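Take a look at the structure set out below.
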Amino acid sequence: MANLADEYDTDVEIYVKPLTSTIHADTPTGAPAQLHDLLDQLGLQRLEYPVGAPLYIWHVVPVHLTADEQKRVATRAIPALLQAGYKVNCTSDVFDEAAYQQAVRELRPAKPNPSEQRPAPAASPAPARRTP
């Protein structure tokens, strides 16, 4: 089994598997459980081989979705992965610019209304931290 994340030294490689219409999200061999869990949370389906004691773990976008919905799910995962500090690559045939921009907007914290802001309570100054 080819693992593009291992091959390209990324944390996640998102692409359409050749000779199929399935969108894959490869992670490197030995990827942390947190990365797999995040991909699960972002709507991708985890697959393992062999089941139970996997040597290979990868994710796919659910195949019951339409092709456009699949691209949106894959693309919308990218900003959250980047925000979590992962190195991500997505092929242009999967990437959906509008879905990406919407996901970025949803991740940004809402700007508070200045009239609703309260001043922070006064605090005593903290001693300066020294770094070695």
**Asked** Label-point separation (nm) for Asp37 and Leu82, each offset 7 Å from Cα along Cα-to-Cβ?
**Response** 2.5 nm
**Fill in**
Stretched fully, the stretch from Asp68 through Glu97 gains (0.36 nm per residue minus C-alpha distance, one decimal, in nm) 9.2 nm
**Alpha-carbon centroids, region 72-88 and region 7-69: separation in whole Å** = 13 Å
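At R0 = 25 Å, how high is the FRET efficiency between Val51 and Glu7 if r is their beta carbon distance? Nearest 0.05 is fine. If you can, show how the numbers build up before the last one.
On the way: r = 24 Å, r/R0 = 0.97.
For R0 = 25 Å, the calculated efficiency reads 0.55.
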**Item:** List Val63, Val51, ordered by accessible area with a 1.4 Å probe, largest first
**Value:** Val51, Val63
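The values are calculated or read from the model by the stated rules, or taken from the named source; none is laboratory data. Fair warning: this is a prediction, and the values are worked out from it, not measured in the lab. Glycine gets a Cβ as well: all are built from the backbone with ideal geometry, and neighbour counts include every protein chain shown. With ligands, DNA and RNA removed, areas are computed over all heavy atoms of the protein, side chains included. Shrake-Rupley method; radii C 1.70, N 1.55, O 1.52, S 1.80 Å.
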